[in-house]
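Only one structure is covered here, and it is reproduced in the block below.
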């Protein structure tokens with residue numbers, strides 16, 4: 001992957017763009033959490049509901065393999081109380097033998113989920129990101145781990161960007177990154193550039209801007225405002241469509257600069 005001064009400058013410009021507009025994706029994601037979790041009656045139900053939401057972002061989820069995991073999650077021993085983060089990780093890890101060396105609990109959660117048939121690195125990274133952001137929010141009624149403070153002290157841990165086709169297309173445009181780059185390779189690339197765990201959470205905003213500015217109907221993704229995707233999302237900010245269209249146009253211009 002290219003680390004030329006030109007590509008690093010473009011990556012930095014991209015990072016500054018999303019950093020200055022963080023409220024857009026935050027509002028969108030919190031609305032999605034409300035839609036997914038508000039009807040749940042317990043912490044256990046919220047855990048499983050969020051897992052389902054994340055897994056079904058896959059284009060072709062492995063339903064047979066996942067059925068075994070859902071059965072396991074149904075046997076969780078917490079009852080009506082919220083587990084700690086470590087209790088949740090311990091329970092997930094018991095699905096199979098693990099020998100991974102993790103940097104911290106969030107890295108450990110990622111590695112535990114990544115190893116489960118039907119999950120994989122992108123989906124595991126997405127779940128970890130969602131759990132952290134949800135427990136940093138004021139949606140207290142939707143929290144499902146008891147030690148909420150664990151979501152704030154992540155500087156010495158490791159979190160991963162959930163790399164999908166949308167994000168690959170962006171890095172391919174600005175940094176000569178392969179359109180088939182793996183989750184681990186792109187995350188290593190960003191870490192080598194000096195981006196830490198908090199930065200990786202912010203980099204996830206790329207999905208928001210990329211999703212509304214890409215047309216994937218042809219073999220090559222084309223950047224530009226995509227109203228069809230906007231109107232197809234229930235949580236899209238309909239009252240602010242004209243402002244968002246301007247912002248998305250500015251984002252698209254970064255892809256072509």
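Helix 165-175 against the longest principal axis of the chain: what's the angle in degrees, Cα atoms only, rounded to the nearest 10?
Between helix and principal axis, roughly 40 degrees.
For the Cα atoms of the chain, what angle does the longest principal axis make with the long axis of helix 105-114, in degrees from 0 to 90, nearest 10?
Its long axis makes an angle of about 90 degrees.
Quick check on the exposure proxy: order 180, 57 from fewest to most C-beta atoms within 10 angstrom.
Sorted ascending by nearby Cβ count, the order is 180, 57.
Using a Gaussian network model on the chain with a 10 Å cutoff between Cα atoms, which of 44, 135, 56 fluctuates the most?
56
If you take the alpha carbon radius of gyration of the range 35-142 and divide it by 2.2 N^0.38 Å, what ratio comes out, to two decimals?
Numbers: Rg = 13.2 Å, N = 108, 2.2 N^0.38 = 13.0 Å.
Cα Rg divided by the expected 2.2 N^0.38 Å: 1.02.
What ratio of Cα Rg to 2.2 N^0.38 Å holds for the chain?
On the way: Rg = 18.4 Å, N = 257, 2.2 N^0.38 = 18.1 Å.
Computed over Cα atoms of the chain, the ratio equals 1.01.
Full-extension gain between residue 155 and residue 241, please, as 0.36 nm times their residue separation minus the C-alpha to C-alpha distance. Present the calculation step by step, with values, prior to reporting the outcome.
On the way: separation 86, 0.36 × 86 = 30.96 nm, distance 3.53 nm.
Length difference between fully extended and current span is 27.4 nm.
Could you tell me what % of all Cα pairs in the range 179-227 have separations over 15 Å?
On the way: 683 of 1176 pairs.
The calculated P(r) of the range 179-227 puts 58 percent of pairs beyond 15 Å.
Expressed as cubic angstrom per residue, what is the convex hull volume of the alpha carbon set of the range 112-257? Don't jump to the answer; show the numbers that get you there.
Working: hull volume 21.7 nm³, N = 146.
So the per-residue hull volume is 149 Å³.
Can you show me the helix-derived [θ] at 222 nm for the chain, built from DSSP H runs with n ≥ 4 at -39,500 (n - 2.57) apiece and divided by the number of residues, rounded to the nearest 500.
It comes out at -17500 deg cm²/dmol, rounded to the nearest 500.
Quick check: the angle from helix 43-55's long axis to the longest principal axis of the chain, C-alpha only, nearest 10 degrees?
Result, in degrees: 40.
Using the 10 angstrom Cβ neighbour count as an exposure proxy, how do 40, 130 rank, fewest first?
By the 10 Å Cβ count, ascending: 40, 130.
Could you tell me the center-to-center distance, by alpha carbons, between the range 214-257 and the range 65-132 in angstrom?
33 Å
Bear in mind that the values in this text are calculations on the coordinates, not laboratory data. Source: prediction; values computed, not measured. FYI the Cβ positions are ideal-geometry reconstructions off the backbone, even for glycines, and counts take in every protein chain you see.
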